[in-house]
Structure formats: C-alpha cells, structure tokens
C-alpha cells in the first residue's frame, strides 16, 4: 500500500470526499464495463485508445497528430490557433521546453513543484488556443484535453461533463481540479477498481475487441464521462 504525503490541499476535505463518493458510484456501477467496452470499441465512433495511440506521437513536441487526436474528443481548433501552435517556431520551442520540464511521474505522485510545472505549460498553451475573433475566449476544456494527449498519466481530461458530475465546477481553478483528480488517484478503493475494470471490460465486450488504455487516469476519465454524459 502506497503512503502519499503531500502539502495541505487547497481543496476542502468535503469536496475531496464528495468526489471520491461520486467516483466510486461510477466505478462500482455494474454497467460501467459495458460503457467502457463501447467507448473502446475500435469499430465504433468513440475515440477510445486512439486518443493516446494515434501516430505519429512525439512526447516533447506538439504536432498535427496531437490536434487531430484531441479533436476526436469533440473539440475544435480555430485556424489562428493552429497557426500559433504549429507554425510559430518560437511557440513550438517554448512548448517543447515546458513539455521536457514536466515530471515523469503519474498524477498521484505529483508534488507542489510538479503542479507548478504543469501550470506553467497550461498557462502557456491556453491563450494560444483562443478564438482570434473573441476577446473573452476561454478554451480551458480544449487545453486540458490537448495536454492530456501529451501526458495521459499526468493531466486529467477536464471538461464540463466530468467536472460537473464531480461537483467541482464551482472551484473555477485548474490547479484545484488537478488536486481533486490526484486525490482520486491516490484513493485505494478507486485504484483497486481501476485495476479491475480492464478485465471486466474485455469480458463485457462480447463480439468486439476493445483497445484499452494502459493508464488508469485515462480509464477513470472515460468511465466518468460515459456515466455522466
């Protein structure tokens, strides 16, 4: 059993406990393996494991395949954002530098300093995704999904569906959201169910041959989204 010792969380204990409670409802739901089998069915139209495995995949460089994989999660990229991300050599170099600086651990093992490094990349990428015609563009969902593509064991896929279900939308803070997901990934009951779900999903697949994620955080993301949507 792993003992996690970190700084005092910025998130109230009641919020963390509620998130665990809601997550266990999903992971223990008898229909969750069926939902995951559908999500990871390569013959279907859910993104499944293609989100992580779509090639080419350069861990330390943002590429067009990253944008394609992320767009499969029902988000789009304005033309101006694509140019800023892929054709601006300084942006490319800065993003690569921040990617290389990220911790090599999974989210559950991150420290305060690790969250700082994650935040530096997030804060750099998010404004680059803005709609060129909107002064109030806030593409936090797209940013979260794009970074989850680059580091699937580190960045959770934050969107309104999952954050709404976990009741953390009022936090309005990506760093606090990460702390909630980190708390979930540290919980032994959550970790046990995430370890059990792949075999249950394969058993539930029947005629399909699901291509499952290998990262528990991605399985958690998929399970929460399929349940809450």
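The values are calculated or read from the model by the stated rules, or taken from the named source; none is laboratory data. Keep in mind the model is a prediction, meaning the values are calculated, not measured. Every residue, glycine among them, receives a Cβ derived from its backbone with ideal geometry; neighbour counts consider all protein chains shown.
Enumerate the pairs (first residue in the range 79-93 and touching a residue at least 24 places away in the same chain (Cβ under 8 Å); second residue anywhere and outside any helix (DSSP H, G or I)) with beta-carbon separation below 6 Å, excluding pairs fewer than 6 apart on the same chain, so at least 6 apart or on different chains.
As it stands, the answer is 80/132; 81/129; 85/62, since those pairs meet every condition given.
Whether any residue in the range 134-153 is farther than 18 Å from residue 85 by Cα, within 17 Å of the chain's Cα centre (by Cα) and crowded, with 18+ Cβ neighbours inside 10 Å is what I want to check.
Within the range 134-153, one or more residues are farther than 18 Å from residue 85 by Cα, within 17 Å of the chain's Cα centre (by Cα) and crowded, with 18+ Cβ neighbours inside 10 Å.
Need a quick list: helices (runs of 4 or more DSSP H) entirely within the range 4-68 having at least 2 residues that are more than 15 Å from residue 187 (Cβ to Cβ) and over 17 Å from the mean Cα position of the chain (by Cα). Spell out how you get there, then give the answer.
Details: elements: 13-27, 32-39, 50-53.
By residue number, 32-39.
Within the range 45-62, restricting attention to residues that are surrounded by fewer than 18 Cβ atoms within 10 Å (Cβ to Cβ) and in contact (Cβ under 8 Å) with a residue 12 or more places away in the chain, which residue is nearest to residue 164 (Cα to Cα)? Break it down into steps so the answer makes sense when it comes.
Residues of the range 45-62 that are surrounded by fewer than 18 Cβ atoms within 10 Å (Cβ to Cβ), as a first pass: 45, 50, 53-61.
So of that shortlist, the ones also in contact (Cβ under 8 Å) with a residue 12 or more places away in the chain come out as 50, 53-54, 59-61.
Working: 50: 25, 53: 27, 54: 28, 59: 30, 60: 31, 61: 31 Å.
Among them, the one singled out is 50.
Could you say which residue among 74, 3 is under 23 Å from residue 166 (Cα atoms), modelled with pLDDT under 95 and surrounded by fewer than 19 Cβ atoms within 10 Å (Cβ to Cβ)?
On the way: 3 fails: under 23 Å from residue 166 (Cα atoms).
After applying the criteria, what remains is 74.
Give the number of residues within the range 197-229 that are surrounded by fewer than 16 Cβ atoms within 10 Å (Cβ to Cβ), without any contact (Cβ under 8 Å) to a residue 24 or more places away in the chain and assigned to a helix (DSSP H, G or I).
1
Scan the range 185-192 and tell me whether some residue there is buried (at least 16 other Cβ atoms within 10 Å of the Cβ), in contact with a helix residue (DSSP H, G or I) (Cβ under 7 Å, 6 or more places away or on another chain) and under 21 Å from residue 123 (Cβ atoms).
No, the range 185-192 contains no residue that is buried (at least 16 other Cβ atoms within 10 Å of the Cβ), in contact with a helix residue (DSSP H, G or I) (Cβ under 7 Å, 6 or more places away or on another chain) and under 21 Å from residue 123 (Cβ atoms).
Residue check: is residue 171 in contact with a helix residue (DSSP H, G or I) (Cβ under 7 Å, 6 or more places away or on another chain) and either under 20 Å from residue 78 (Cα atoms) or buried (at least 19 other Cβ atoms within 10 Å of the Cβ) (or both)?
Working: in contact with a helix residue (DSSP H, G or I) (Cβ under 7 Å, 6 or more places away or on another chain): yes; either under 20 Å from residue 78 (Cα atoms) or buried (at least 19 other Cβ atoms within 10 Å of the Cβ) (or both): no.
No: the conditions fail for residue 171.
Is it true that some residue in the range 22-43 is more than 22 Å from residue 222 (Cα to Cα), out of contact with any strand residue (DSSP E or B) (no Cβ under 9 Å at 6 or more places or on another chain) and either modelled with pLDDT of 95 or more or surrounded by fewer than 16 Cβ atoms within 10 Å (Cβ to Cβ) (or both)? Don't jump to the end; show me each part of the working.
Narrowing the range 22-43 to residues more than 22 Å from residue 222 (Cα to Cα): none.
Among the residues of the range 22-43, not one is more than 22 Å from residue 222 (Cα to Cα), out of contact with any strand residue (DSSP E or B) (no Cβ under 9 Å at 6 or more places or on another chain) and either modelled with pLDDT of 95 or more or surrounded by fewer than 16 Cβ atoms within 10 Å (Cβ to Cβ) (or both), which makes the answer no.
Which members of the range 154-168 meet the condition of being buried (at least 21 other Cβ atoms within 10 Å of the Cβ) and farther than 18 Å from residue 120 by Cβ?
The answer is 157, 159, 162, 163, 166, 168.
Of the residues 66, 88, 94, 116, which single one is farther than 16 Å from residue 149 by Cβ and surrounded by 14 or more Cβ atoms within 10 Å (Cβ to Cβ)? Quick ask: steps written out before the conclusion?
Numbers: 66 fails: farther than 16 Å from residue 149 by Cβ; 88 fails: surrounded by 14 or more Cβ atoms within 10 Å (Cβ to Cβ); 116 fails: surrounded by 14 or more Cβ atoms within 10 Å (Cβ to Cβ).
Sole residue among the options that is farther than 16 Å from residue 149 by Cβ and surrounded by 14 or more Cβ atoms within 10 Å (Cβ to Cβ): 94.
On the given criteria, is residue 123 under 24 Å from residue 75 (Cα atoms) and surrounded by fewer than 20 Cβ atoms within 10 Å (Cβ to Cβ)? Full working, then the answer.
Numbers: under 24 Å from residue 75 (Cα atoms): yes; surrounded by fewer than 20 Cβ atoms within 10 Å (Cβ to Cβ): yes.
Yes; evaluated as a whole, the condition is true for this residue.
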